[in-house]
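Below is one structure; the comments refer to it alone.
We did not get these values from a lab; they are worked out from the coordinates using the rules stated. Source: prediction; values computed, not measured. Positions of Cβ are generated from backbone atoms using ideal geometry, with glycine treated the same way; all protein chains shown enter the neighbour counts.
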Amino acid sequence: MASQAAAPGTPRAARRTTISDIPARLDRLPWSRIHTRIVLILGIAFVLDGFEVSVYGSVLGTLVTLWHMGPVQASSLLSIFLVGMFGGAYLFGYLADSLGRKRLFIVTLLIYSLATVASALSWSYGSLALFRLITGFGIGGEYAAVNSAVQEFIPSNRRGFMSGLMPATWDLGTVFASLVTLFALALLPPQIGWRVAFLLGALIAVFVAIVRRRLPESPRWLVSEGREAEAEAITRAFESSAKAEHGLSLLPPPEAATAIETGPRDSFLRHYGRLIRGYPRRVALAWVLNFSQAFPYYAAFSLIPVILIKTYHYEPKMVPLALTILTALGTVGVIAMSWLADAWGRRQSVIASYGMAGLLAIAVGVVASRGALTASLFLILIAVMYFFAFAAAGVVYITTTEIFPTNVRASGIGSAVAFGRIGAMIGPIALTLMLRSGLTLAFVVTGLVLLAGAAMEVVWGIEGRGRSLEQLASGSA
């Protein structure tokens, strides 16, 4: 390991390059228990996001009755939560790059836990809105800190599948939320049951935060901070564990050492300025892909029930079954496309996911405009559409989390997640307004948004299959 240090008198923001073999040594490791533990413990971020979005929806009816909330108040709490995610993703993305992945993936989870406990103790609409904002703040920070850490630990030959698989656990959070609220509201008085539902999520988060303390800091981040000795110690521990677990006396030889940029920490604005100026195409790609995916993803859980009940006169009690089937097929889509991201390639998987989802959404709109969209055909088309739309929600985290260098990775991820939350806020509102004129406009617009993501990947997509994070970082802007 060698460094090319900055010359004396160099300005504070100057960077230098460190040559290190640690990334290559991490990438050549066989999959081991430590990798599984990291993915499971850090992947709880997606479970908690799914839990938070769904638990609020599940207790909404109770809150509307208890607090006499109007429709605008009821629907705005999800937007408030997403605004919190927007701010948290930006701030904690910067802090995860500046202070380390480990510190932040513990701190953000503790913020989430405290805010969720406070939500359970809310005494009015205003207090609940404030605590939901802070809850979203913590979850947004989770995305930035967790995704950067996971990318930096996973061997390159498994990075696509494992990174894409983690978002599928979002659906586990929704199922858990449904079960929790079902029993809490059925077994307890309404004024207590909704509070218990929130508290259970906080208890899980506290337990996970304690477990996370045992995870190591990212060696890649340590090298980027000039802390080579600490990075070396962690990497050697990983290597020893892998050899013992797999009965190996020697590990495969690593590829050549790579260059990692190091240097002093920047201010918040300077840091993001360096990210945008240094990697404008990658930032634009990550922002558009996240926006295009979140726009229909969050809208699905509010719009499809309305369509089924009002347009096709479904029994309200049958709607959860339809949503469960759609979610199950979507989860299969995430798993399938995440596997293909390693076997087939990132770009092809992203283009196929966004492109097919977009074309199927437009097909729903076209068929509806001709008056030929029966309830059965609607469900079939929607099921196939969300197979690909959910897959897009998985593959977007593969490609947008691996294309930024280590010293701005969390910030790149955070800014993309934040921009995606704008789509999550706009989608349900805009599509609800469009539904007033029928299904055609809403689904054609949804399709065009998804196709915009596919087109962006065609133009500026970066193929990360089989390449190390450092090889990807050395590419052009």
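The tail of the calculated P(r) for the stretch 54-159, taken as Cα-Cα distances beyond 25 Å, holds 30 percent of the pairs. Take the Cα of Ser267, step 7 Å toward its Cβ, do the same at Thr324, and the gap between the two points is 5.5 nm. Taking the Cα atoms of the stretch 319-477, the ratio Rg/Rh between the radius of gyration and the Kirkwood radius comes to 1.02.
Residues Met434, Met337, Met356, arranged from fewest to most other Cβ atoms within 10 angstrom of their Cβ, appear as Met434, Met356, Met337.
Taking Cβ atoms as reference points and 9 Å as the exclusive limit, the residues near Ile41 contribute a net charge of +3, counting Lys and Arg as +1 and Asp and Glu as -1. Ranked by the mean number of other Cβ atoms within 10 Å per residue, highest first, peptides 322-328, 137-143 order as 137-143, 322-328.
Over the residues of the stretch 187-235, compute the C-alpha Rg and express it relative to 2.2 N^0.38 Å. Computed over Cα atoms of the stretch 187-235, the ratio equals 2.02. Relative to the longest principal axis of the chain, what angle (0 to 90°, nearest 10) does the C-alpha long axis of helix 346-369 take? For helix 346-369, the angle is close to 10 degrees. Computed 3J(HN,Hα) for the stretch 228-234, one whole-Hz value per residue from the Karplus formula 6.51 cos²θ - 1.76 cosθ + 1.60 where θ = phi - 60°, is 5, 5, 5, 4, 5, 4, 5, glycine and proline marked x. Hydrodynamic analysis of the stretch 128-187 uses the Kirkwood radius over alpha carbon pairs. Inserted into Stokes-Einstein at 37 °C and 0.692 mPa s, it gives a translational diffusion coefficient of 235 µm²/s. Summing -39500 (n - 2.57) over the DSSP H runs of n ≥ 4 in the chain and dividing by its residue number, what mean residue ellipticity at 222 nm do you reach, to the nearest 500 deg cm²/dmol? For the chain, the value works out to -25500 deg cm²/dmol.
Just the C-alpha atoms of the stretch 267-314: what Rg/Rh do they give, with Rh taken as the Kirkwood radius?
1.38
To the nearest 0.05, how large is the calculated FRET efficiency for Arg37 and Arg370 if R₀ is 51 Å and r is the Cβ-Cβ distance?
E between Arg37 and Arg370, to the nearest 0.05, is 0.45.
Here is the size of the stretch 161-266 from its Cα atoms: Rg then Dmax, 21.7, 63 Å. For the stretch 208-224, 3J(HN,Hα) computed residue by residue from phi via the Karplus equation (6.51, -1.76, 1.60; θ = phi - 60°) reads 5, 4, 5, 5, 4, 4, 7, 6, x, 6, 5, x, 4, 5, 4, 5, 5 Hz, glycine and proline entered as x.
Multiply the residue gap between Ala256 and Leu188 by 0.36 nm, knock off their C-alpha separation, and tell me the result in nm, one decimal place.
The span from Ala256 to Leu188 would gain 18.4 nm if fully extended.
Taking amide H positions as modeled 1.01 Å from N, with prolines and chain starts lacking one, the residues under 5 Å from Thr17 and 5 or more places away or on another chain are Gln4, Thr262. Residue ranges 183-191, 107-115, 380-388, 204-212 sort as 107-115, 380-388, 204-212, 183-191 when ordered by packing (mean number of other C-beta atoms within 10 Å per residue, highest first). Each principal axis of the Cα atoms in the chain has its own extent, and those three values, largest first, are 70, 50, 48 angstrom.
Cα convex hull of the stretch 49-95: mean projected area in nm², to one decimal?
Averaging across all directions leaves 3.6 nm² for the Cα convex hull.
On the principal axes of its alpha carbon atoms, the stretch 102-232 extends 56, 27, 22 Å, with the longest extent given first. When +1 charges are put on Lys and Arg Cβ atoms and -1 charges on Asp and Glu Cβ atoms, the dipole computed for the chain relative to its Cα centre reaches about 400 debye. Considering the stretch 219-338, its Cα convex hull presents a mean projected area of 13.8 nm². Restricting to Cα pairs below 8 Å that are 6+ residues apart, what does the relative contact order work out to for the chain? Please round to a whole percent. Relative contact order comes out at 25 percent. Between the helical axis of 101-120 and the longest alpha-carbon principal axis of the chain there is an angle of about 20 degrees.
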